[in-house]
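The values are calculated or read from the model by the stated rules, or taken from the named source; none is laboratory data. These numbers come from a predicted model, not from an experiment. Cβ: placed from backbone, ideal geometry, glycine included. Neighbour counts: every protein chain shown. Remember, those area values only see protein heavy atoms, side chains included, never the ligands or the DNA or RNA. Shrake-Rupley method; radii C 1.70, N 1.55, O 1.52, S 1.80 Å.
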Amino acid sequence: MPTPDTEKFRLRSFVERLVQQGHCVVHDEPIDLVDVAAVLDGNPKAVWFRNVGPERTELVGNVMGGRERLALAIDADSAGFAKVMRDRMAKPMAPIEVPSSAAPVHEVVLTGEDADLTRLPVHLQHGRDGGPYISASMDFAKDPATGWTNIGCRRIMLRGPRTAGIDLIAPSDLKAIYLKGVAKGDKLPVAYVVGGHPTTFIAAVAATRPMDELHVLGAMRGEPVPVVKCKTIDVLVPADAEYVLEGYLDARGHVEPEGPYGEYCGYYGVVKRNPLFHLTAITRRKDALFQTVTISGNALARTDTSLLNAARAEVAIWSILEQAIREPVAVYLPGAAAGMCTVRISMRQRNPGEARNAITAAFASLADVKHVYVFDDDIDIFSDDQVEWALATRFQADRDLIVGPGFRVVPIEPSLQGARIGAKLGFDCTKPFGKGDAFEFTVAAPPVMPQRARGGVEETLAQGPASYLELMAAAGTRDGREILLTLDRLYGEGRLGRSEDGRYVLNGAKK
């Protein structure tokens, strides 16, 4: 078997590609860690810092803070991104294990006192955060019950050189695995990848049927992932990662105060009790590129987290829509709504009530979903202008608004005030069923002269009703004003009328 390519899906390789295509700016000037967040906040591009902190370390941020950048990672464009994800997820691929000597992430191995979290370029991301956070960390853990590897995205709050709090509050596979071990007094070995290709993040957040999630990562890459066993724990990780932090979650459960932290919905989350991570090793490439992701603030449309949330949700909601309605066309979750709370759906409505079916299916899809808008397939749901137009002209609140109370929600959303159930709202912005081709829903467009044999205005009207443009074509004019003279004469003779759709009708002519 040929040796797997450990450079093709390397983060540094992807960042270099972003620079070449104008999606990433290079920041060569020295910069203090405390100033990194301000450069990234709301930045429409990724930023590659070449001289961070006193160590002059390399750090990249906001790599996935644009839909076009995420799409580039799977060789798609923005419009086709979700479909390519769906197609790839349908083809899981088993990983290929390589020896430590063939794994770039094992080029440098630090254990004992040399393994020190405080030597990494970890910056304070938000002014009231409880401490520096590693925000681009992806956890890899083995489920003792199945032997499968579970992958997720979870932040790490540094507490000292070899201890850190992690976020394990929300329901997840890792939380379930951890709590089973806690019940037996067992610690959980876990490895955190920091500096991974975007496909690793997509696989980490993907909603899939139960399986070894290294196979999901292979699906997203379109080829098997080279993996290597960690140095101090029995966990497999991508051999092409930049950094890996090895260690374990201790068996005391949710005991460590963690937070506050700027959460994905744009506001601070309060201090929580979470498990404590103990570091046993740091492995990395010789020229490792550290990574940070953007999460919070008032520019959510340009954060890594919102775009990843949207990617996961679009695939999950599409899967449910395929069962609920005949013909979904597109699903889009705007990053400005944290990539979770607002859903736009385009569909072809084949039967009465299908728009409402789509709304209620989306309600039940994910706890984060809050507002659902459904449109006909002639509306570009990626265009705010098109969406506002459809909402303004096809929606009636007393007829088309659906309120659903008592749904499971994610309590972190501040409007809930800590409640564990909440309301969801649906907007049916489709045309009334059966009226899709009605004149009042025909979009006005500039005139395009039809190909029609010339025969004069009266001769054309004698054949049946005609629009003003058709009369112009019949008369062979590209001006049109002279037609008014003929129409005025016909009106004066009492021979001209109008149909309900506005066409001109010669009295006594064919209908």
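In this simple spin-label model, placing a label point 7 Å from the Cα along the Cα-to-Cβ direction at both Leu179 and Thr360 gives a separation of 3.0 nm. Against the chain, whose longest principal axis comes from its Cα atoms, helix 173-183 is set at around 30 degrees.
Would you mind telling me the share, in percent, of accessible area of the chain contributed by carbon and sulfur at probe 1.4 angstrom? Intermediate results must be reported in sequence, preceding the final value.
Working: 11810 of 22860 Å².
On the chain, the fraction of accessible area on carbon and sulfur atoms equals 52 percent.
Residue order by solvent-accessible surface for Arg420, Arg350, Arg503 is Arg420, Arg350, Arg503, largest first, with ligands and nucleic acids left out and a 1.4 Å probe.
From helices alone, the chain scores -7500 deg cm²/dmol at 222 nm; the rule is -39500 (n - 2.57) for each run of n ≥ 4 DSSP H residues, then divide by the residue total. So which GluC sites (Glu not before Pro) in the range 14-86 end up in coil per DSSP with only 15 or fewer other C-beta atoms within 10 Å? The qualifying sites are Glu55. Loop-located GluC sites (Glu not before Pro) across the range 422-498 with a Cβ neighbour count of 10 or fewer within 10 Å are Glu493, with loop assigned by DSSP. Pairs Lys180/Lys286; Lys229/Lys272; Lys8/Lys231: which exceed 26 Å Cα-Cα? In this structure, Lys180/Lys286; Lys229/Lys272 exceed 26 Å between Cα atoms. Computed from label points 7 Å out along Cα-Cβ, the spacing between Ala445 and Ser319 is 3.8 nm. Only Cα sites of the range 202-255 enter the Debye sum here, all with the same form factor; the resulting log10 I(q)/I(0) across q = 0.25, 0.26, 0.29 1/Å is -1.07, -1.09, -1.16, listed in q order.
Modelled spin-label separation between Ser172 and Lys187, with each label point placed 7 Å from Cα along the Cα-to-Cβ direction: 2.0 nm. For Met89, the solvent-accessible surface with a 1.4 Å probe is about 40 Å², rounded to the nearest 10.
For the chain, the residue among Gly22, Ala170, Leu245 whose Cα projects farthest onto the positive side of the dipole built from Cβ charges is Ala170. A value for percent of Cα pairs over 34 Å apart was derived from the coordinates, and within the list [x] 58; [y] 46; [z] 28 it appears as [y]. Reported to the nearest whole Å, the Cα centre-to-centre distance from the range 221-245 to the range 463-511 is 76. With the highest mean first, a sort of the peptides 229-241, 316-328 on other beta-carbon atoms found within 10 angstrom per residue produces 229-241, 316-328. Lys91 sits with roughly 130 Å² accessible to a 1.4 Å probe, with DNA, RNA and ligands left out of the calculation.
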